[in-house]
Amino acid sequence: MPDEKHSNFGFIDSLLVFLVSIGLTLVLLWIVSRIINQPWFETLPSWLTNSLAKILVGLFSTGSLAAIVIRKLASEHSPNFFYPIGGTTLCFFVVILLLVFVLRPHQSDPPIRSKEPKPNPPPERQLHKTDENGQDYLERWSARGNCREAMQDDRHQCIFTSTQKHIGGSGTPFDHWKLMLKTQGPPYDVQCVPGGWQLKEDETPGAGQGNIEDGWAVCSGWINGSEDPIQMTVKYQMLR
């Protein structure tokens, strides 16, 4: 009989080749997606997977069709499916890759932004001895040497120490006084003018230069009971 001597490549054979080729093509596309790290074929559309599943279920769940397929595959004269499946799979694979290459979205070049000049940094503030009008930054303060009724706060300190020290030929002992003034900026010149019989720190009378201690302007000296005030004039610097 002719069917037993040679194989006929009929509808069922073509359908098997078509379905198997589609399955192999999908596997190859998934492998390519993993290799090039692109999610093009990682998740296949539901309409494709559902349609393929329905065709396979309908083909092999029907008794008559399943029997025909099994009989053709088990027949000694069954066609050689290797070359038809390989060729069809290759065609599907090449066509899909060409479509992906042609229809892939092209990234537009980023817009050219004009280089705007960077704003100049604000000028660094510097210490100045005079204000905008050329006037010296200065502050004055006066207090009695015995610190009676003297201002005492975080910027003014008057310190009186009873020492009863004899200085020179004076028969009246002296006590020590110290005035401290904290200006708004760092001081650089301190002038001290003791009054009456008061003496400066070097035990001499008259006006003289004060000191700067830890940012404080300082005038100090000796007093022998006088109520006369000591006048401080301090020049300082300001940032601007």
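FYI, it's all coordinate maths here, none of it is from the lab. It should be emphasised that the depicted structure is a prediction, and the values quoted were computed from it without experimental measurement. A quick note on method: Cβ atoms are made from the backbone with ideal geometry, for glycine too, and the neighbour counts reach across all protein chains shown.
Keeping to the stretch 181-236, report how many residues are crowded, with 20+ Cβ neighbours inside 10 Å, without any contact (Cβ under 8 Å) to a residue 40 or more places away in the chain and not small (Gly, Ala, Ser).
2
Among (1) over 18 Å from Lys235 (Cα atoms); (2) aliphatic (A, V, I, L, M); (3) out of contact with any Pro (no Cβ under 8 Å at 6 or more places or on another chain), which single condition is Leu179 missing?
It is condition (1) that Leu179 fails.
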